[in-house]
1. Where residues in region 58-77 are closer than 21 Å to Tyr10 by Cβ and crowded, with 17+ Cβ neighbours inside 10 Å, which of them is modelled with the highest pLDDT?
2. Out of contact with any His (no Cβ under 9 Å at 6 or more places or on another chain), modelled with pLDDT of 85 or more and of a type in the set (Ser, Thr, Tyr): is that true of Thr22 in this structure?
3. Inside region 134-172, can you point out the residues that are of a type in the set (Ser, Thr, Tyr) and surrounded by 14 or more Cβ atoms within 10 Å (Cβ to Cβ)?
4. If I ask for residues that are open to solvent by 90 Å² or more (accessible area, probe 1.4 Å) and either modelled with pLDDT of 75 or more or in contact with a helix residue (DSSP H, G or I) (Cβ under 6 Å, 6 or more places away or on another chain) (or both), which ones from region 257-289 would you list?
5. Please specify each residue of region 34-45 satisfying the condition of being touching a helix residue (DSSP H, G or I) at 6+ places or on another chain (Cβ under 9 Å) and surrounded by 12 or more Cβ atoms within 10 Å (Cβ to Cβ).
6. Within region 94-111, identify whether any single residue is assigned to a helix (DSSP H, G or I), modelled with pLDDT under 90 and open to solvent by 20 Å² or more (accessible area, probe 1.4 Å), and answer yes or no.
7. Please report, ordered by residue number, the helices (runs of 4 or more DSSP H) entirely within region 119-199 with at least 2 residues that are among the acidic types (Asp, Glu), within 28 Å of Arg220 (Cβ to Cβ) and under 15 Å from the mean Cα position of the chain (by Cα).
Amino acid sequence: MNDEPAGAAYRIEDLAHHSGATVRTIRAYQDRGLLPRPERRGRANVYSDAHLTRLRQIADLLDRGYTLASIKELLEAWDAGRGLGGVLGLVAEVDGPWTDEEAVRISRAELVERFGGAPDEAAVADAVELGVLELLPGEEDLFLVPSPQELAVAAELHEAGVPLSAIADHLRELRGQVEHIATRFLEFTTEHVFARYLGQHQPPNEADAVEAATLVRRLRPLAQQTVDAELARAMRLFATRQLRRHLDADAPAESADGSCSLRIPASTMRAVEKLVGPEQASAFITAATEREVQSRTLDTLAANMRESNKLGQSS
């Protein structure tokens, strides 16, 4: 730990009180090498402000989801003089809000009024499970709404005649697909953008962490912009097709589940069925196709980004 001028002196009980950690936790951190040993003064062990700062750093990183092993690596880098400020800045950038929306509170009575005036405890339970509503400690009739926009969409759909249970089921399905897109985007940008800044087995140095944080700020809106553009394109395409089918009496009828037939070589079908079973073959082919489409969309996005960077450097 960096040498610091002498300041306040704490017994371990005092350090626990000021840091919010327990005495047992402080001793465990010492045993694991996360916290330096105290200074011995006579018969007493004395801790300093530096120990208090270190405990607060550990608590902050734990809150952000880091393991004790990874925290130890970060703190060792700090002790070696490599700097922790850039790393913490990167952590804060990634953990920061990825939307401009601000959470609001809504009462149970307001919720009932927005969704038709009749209480529906099953729908409320679904909304809490999905995180559309969050329970507030000690408040039975008050909820936190992390995304007012998402709640407003649900209210509009319900007013248009969609049952609340169907809205919840749709959100579950949509969330799985969106999480796949987010995972793919992060894998993609890590491979092509962040790999050169973030080492596999050690924390980044100060300069690399600062550069990576800057890139996070630049790339943050790209995933949403791409999804928005692709969703708009797909909605325009399929909405137009569906309207034409309804207006054209001579158009061939589509199957009830919205599926269509296509020819797949028998050898391919046998290979898929051997891999996942006959019952899952259709779902497997659909998922593989969707993943390929999403992958190509992200590849195109990255290519455009690289081209934009080249143009920016040459200008």
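The values are calculated or read from the model by the stated rules, or taken from the named source; none is laboratory data. Quick caveat, the model's predicted, so the values are computed rather than measured. Every residue, glycine as well, gets a Cβ built from its backbone with ideal geometry; the counts of neighbours run over all protein chains shown. Surface accessibility is based on the protein's heavy atoms, side chains included, excluding ligands, DNA and RNA. Shrake-Rupley method; radii C 1.70, N 1.55, O 1.52, S 1.80 Å.
1. That would be Ile58.
2. yes
3. Residue satisfying the conditions is Ser147 alone.
4. Arg270, Lys274, Leu275, Gln280
5. Leu34, Leu35, Pro36, Pro38, Asn45
6. Scanning region 94-111 turns up at least one residue that is assigned to a helix (DSSP H, G or I), modelled with pLDDT under 90 and open to solvent by 20 Å² or more (accessible area, probe 1.4 Å).
7. Per the criteria, 164-189.
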